[in-house]
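The structure under discussion appears below in the form of structure tokens.
Each reported figure results from applying straightforward, stated rules to the coordinates on display, with no laboratory input. What you see is a predicted model; the values in this text were computed from it and never measured. Neighbour counts run over all protein chains shown; Cβ positions are idealised from the backbone, glycine included.
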Amino acid sequence: MGAYAESYRRSIEDPEGFWLQQADAIDWFTRPRSAHSTEPAGSGDVDRWFADGVLNTSYNALDRHVIGGRGEQPALIFHSEVTGRRRSFSYADLLERVGKLGGALTALGVGKGDGVVIYLPMIPEAVIAMLACARIGAVHSVVFGGFAPAELAKRIDDAQPVVIISAAYGLEADRVIAYKPMLDTALELSEHQPRHCVIVPRNDHADAPVVEMSEPRDLDLAALMRDARIEPAVPVEVAATDPLYILYTSGTTGKPKGIVRDNGGHAVALSYAMRSIFDVGPGEVMFTASDVGWVVGHSFIAYAPLLVGATTVLYEGKPVSALRQAQDTAGGQAQDAGAFWRVVAEHGVRVLFTAPTAIRAIRKVDPDGEAIAASDLSTLQTLFLAGERLDPDTYRWADDQLGVPVVDHWWQTETGWPIVANLRGLEPMPIKPGSSTVPVPGYQVAILDEHGTPVPVGAEGAICLRRPLPPGTLTGVWGDPQRFVTGYLETYPGYYLTGDGGYLDDDGYLFVMGRTDDVINVAGHRLSTGQLEAVLATHPAVAECAVIGVADPLKGQLPRGLVVIKSGVEIDHDQLRDELVALVRQEIGAIASLRRIDAVPALPKTRSGKVLRKTMREIADGQHTQVPSTIEDPSVIDGLRPILTQ
Ligand code: COA
Ligand code: AMP
């Protein structure tokens, strides 16, 4: 039996033995004696891991490496493509900063179990703040910087933070994003008010905005870090099952779900993933090009590389940027698609992890891979891609150009680490384009039909995970235990519903075909069509609306809106579209990328009033579609065809 088959078998037949062995990779204050247990939650029960274990995640990410002699090794390299700045933090440096910020948070009244919202761009303070919370047992909730104040306000009200950590500004390729005013607006919208806001000052851009501080609430991080009265925090003891963080993700409704992650299962699972999947160990460099606001950033920028004593690269910038001071031959701004490859060459990156969209963006500008050929990529062992479906065409291009294995792997915010992958560190397996390969040890993947019965090999169905879910996966939905049960566990008793559809082939390879619910995936960013619809519906001219995700060659999917104007309302369609686009940017953020909105006479519905989004999406994507027999008025869909296929 191969190493993969043997590990997989053990993980399922003897989960206690398997996971207690993996737990040895972590330093515990109290070593767990048992691995799995369950706990009542809402109307059901949920899985718990290492319930009798006691540890500290920041100790595992920092102190033990310094104690073990890695103090001078780079822990975090900050590489800003936007400003051209580079900065390296050794493990000893990072520990000092994390300890000091932890001490400052303690002095501000943050204690074990208290909430801290982190609203920061891609700067080192984001990782430092996360680890500082972990050090003192506070529960962080990082909010992606691309979200507008209204979304931030929703998360503040849900997470109830004692302190919010934000920055003066962030840098997008073409503009300065003034974070502090957005935070102020969010706090005008939220009911909950934090005791303090700690603001990271920045002074690395000519257009740096002036920051208005509101005393005594707002405090300058640099001043706090200089304050000699603040004692560095020691790592506090937390139960393995205590929450480490909350990360909000889109569900099918407008209300984001606060996915809760524990300390112990998370540390064990991520350490295991680094060894068995990513094959990155102490002293090796991992570059995850994502954002700390997403789960990919939480797991593979901030936590996992540090848990195993590796070096993580924190990258500020896009995969493709406008070349400074350069014009292309057509008189436009020349594009630079070499940024990622320069990072690899400059820092000796072993593993690069990004979303397929980033590769498509690079390919568009550099189809022949000239920038790849011009870089020394000799250290690169593997390109990992996740966050959205990896189309075979993009896979082949990356494979041809890079000459290293291109590994698709499938997972989600809720699981926190890969469900299905090619386990490069355990036993590399043949790659099949379009498949994310095989279930990772600990995960039991099942494809079920609508009655909850497993379908035959090769048949498509709902991808579910048979319980127990392995360590590191969500422990609940913040403040709403029933939502975990209702949203994920109730549909098929004994299984967790992933929300994705797909099939397994004869070799046990999984092919993920897309979401089966109203979640869409735009440039690797997860959005809820329900959330977009809720914003469109607030416009006074809109009677009804629907948002669907349609295929896009760059971003994978793009949202598209259809609105029915209230009878008697006279409004120019272009004006309405512009107002709706602006409304979505204002309420959700630019990240929603909703630009295409059409006014239509009616929406197609079933006789029970359900809008036929799937049918509209299939028509827009040019797929063969069977209009459900339950449609109320078939002429509505016929009338929409020319608009949808435009
Ligand atoms: N703060 C503020 N605004 C942000 C932001 C942030 N952190 N991130 C994105 N935005 C804005 C962008 O500036 C853009 O605004 P615009 O509409 O005014 O141009 C908008 O949100 C959409 O952003 P994005 O989807 O990133 O599109 P883009 O056209 O700027 O870039 C790609 C396209 C493909 C280069 C980019 O999406 C990318 O790098 N994708 C990689 C995917 C990824 O990292 N996914 C994370 C999960 S793994
Ligand atoms: P998020 O929670 O933001 O990470 O988004 C998770 C969702 O993105 C999954 O449920 C899938 O729909 C999609 N996704 C992530 N990775 C992949 C992948 N490798 N292949 C197909 N879809 C993916």
- √(5λ) per eigenvalue of the Cα gyration tensor, the range 57-236, largest first, Å: 25, 21, 14
- Between the modelled labels at GLU570 and ARG33 (7 Å from Cα along Cα→Cβ) the distance in nm is 8.1 nm
- In sequence order, calculated HN-Hα J values of the range 616-628 (Karplus, 6.51, -1.76, 1.60; Hz; x Gly/Pro): 5, 5, 5, 5, 4, 7, x, 8, 5, 9, 10, 5, x
- Item | Nitroxide proxy distance, nm - points 7 Å out along Cα→Cβ at SER608 and ALA590 | 4.2 nm
- When the charge dipole of the chain is computed with +1 at the Cβ of Lys and Arg and -1 at the Cβ of Asp and Glu, the Cα pointing farthest to the positive end, of VAL211, GLN623, TRP411, is that of VAL211
- Query: Percent relative contact order of the chain, based on C-alpha pairs within less than 8 angstrom and at least six residues apart?
  - Reply: 12 percent
- Query: Using helices alone, what [θ] at 222 nm do you get for the chain, with -39,500 (n - 2.57) per DSSP H run of 4 or more residues, divided over all residues and rounded to the nearest 500?
  - Reply: -7500 deg cm²/dmol
- Going 7 Å from the Cα of GLN626 in the Cα-to-Cβ direction, what parts of the range 498-523 have a backbone nitrogen less than 18 Å from that spot? 502
- Query: Where does each of 618-629, 295-306, 587-598 land if you order them by average Cβ count within 10 Å, highest first?
  - Reply: 295-306, 587-598, 618-629
- Query: Once all Cα-Cα distances of the range 210-264 are split into 5 Å bins that start at 0, what whole-number percent is in each one?
  - Reply: 4, 13, 11, 11, 11, 19, 19, 9, 3, 0
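Using the alpha carbon gyration tensor of the range 45-93, what are the three equivalent-ellipsoid semi-axes (square root of 5 times each eigenvalue), largest first, in whole Å?
Equivalent ellipsoid of the range 45-93: 32, 18, 5 Å, largest first.
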- Query: Given the alpha-carbon gyration tensor of the range 498-538, what are the semi-axes of its equivalent ellipsoid in whole angstrom, ordered largest first, with each equal to the square root of 5 times an eigenvalue?
  - Reply: 30, 10, 5
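In which sequence would ARG97, ARG226 go, from the one with the fewest C-beta neighbours within 10 Å to the one with the most? Intermediate values should be presented prior to the final figure.
On the way: ARG97 22, ARG226 10.
In increasing order of surrounding Cβ atoms, one gets ARG226, ARG97.
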- Message: Among PRO121, LEU76, THR354, which residue has its Cα furthest toward the positive end of the charge dipole of the chain, with +1 on Lys/Arg Cβ and -1 on Asp/Glu Cβ?
- Response: LEU76
- Item | Principal axis dimensions, largest first and in whole angstrom, of the range 562-634 by Cα | 38, 32, 20
- Item | Label-to-label distance, nm, for residues given as ARG641 and ASP598 (7 Å Cα→Cβ offset) | 1.3 nm
- Message: Taking the Cα centroid of the range 350-385 and of the range 577-646, what is the distance between the two, rounded to the nearest whole Å?
- Response: 35 Å
- Message: Give the separation of the Cα centroids, the range 75-91 to the range 219-262, in Å.
- Response: 23 Å
- Item | Partner aspartates and glutamates for LYS432 [C-alpha distance under 14 Å; skip if fewer than 8 residues away on the same chain] | ASP391, ASP393, ASP399, ASP408, ASP505, ASP506, ASP507
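How charged is the neighbourhood of GLN381? Take every other residue with its Cβ under 10 Å from the Cβ of GLN381, and add Lys/Arg as +1 and Asp/Glu as -1. If you can, show how the numbers build up before the last one.
Details: positive: ARG350, ARG424; negative: ASP279, GLU284.
Its environment carries a net charge of 0.
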- Message: Report the Cα centroid-to-centroid distance between the range 1-53 and the range 422-474 in angstrom, as an integer.
- Response: 19 Å
- Message: Positive end of the dipole of the chain, charges at C-beta (+1 Lys, Arg; -1 Asp, Glu), about the Cα centre: which of LEU489, LEU558, VAL139 has its Cα farthest in that direction?
- Response: VAL139
- Query: Which entries in the list LYS555/LYS614; LYS255/LYS318; LYS180/LYS318; LYS112/LYS318 go over 25 Å, if you measure between the two C-alpha atoms of each?
  - Reply: LYS255/LYS318; LYS112/LYS318
- Message: Please compute the Kirkwood hydrodynamic radius over the range 132-251, one decimal place, Å, based on all pairs of different Cα atoms.
- Response: 15.8 Å
- Over all alpha-carbon pairs of the range 523-644, lay out the pair-distance distribution in 10 Å bins, whole %, shortest bin first. 13, 45, 35, 7
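Set the Förster radius R0 to 45 Å, insert the Cβ-Cβ distance between ALA92 and MET213 as r into 1/(1 + (r/R0)^6), and round the FRET efficiency to 0.05. Each step should come with its number before you reach the end.
Numbers: r = 31 Å, r/R0 = 0.70.
For R0 = 45 Å, the calculated efficiency reads 0.90.
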- Query: Given +1 on the Cβ of Lys and Arg, -1 on the Cβ of Asp and Glu, and no further charges, what dipole in debye does the chain carry about its Cα centre, rounded to the nearest 20?
  - Reply: 440 debye
- Message: Taking 2.2 N^0.38 Å as the expected size of a compact globular protein, what ratio does the Cα radius of gyration of the chain give against it, to two decimals?
- Response: 0.94
- Task: Excluding LYS100 itself, calculate the net charge of residues whose Cβ lies under 15 Å from the Cβ of LYS100, where each Lys or Arg counts +1 and each Asp or Glu counts -1.
- Result: -3
- Task: Show which aspartates and glutamates lie in cross-link reach of LYS154 when reach means a straight Cα distance below 12 angstrom and same-chain residues fewer than eight apart are skipped.
- Result: GLU188, GLU191, GLU587
- Message: Taking the beta-carbon count within 10 Å as an exposure proxy, list GLU370, GLU579 from fewest neighbours to most.
- Response: GLU370, GLU579
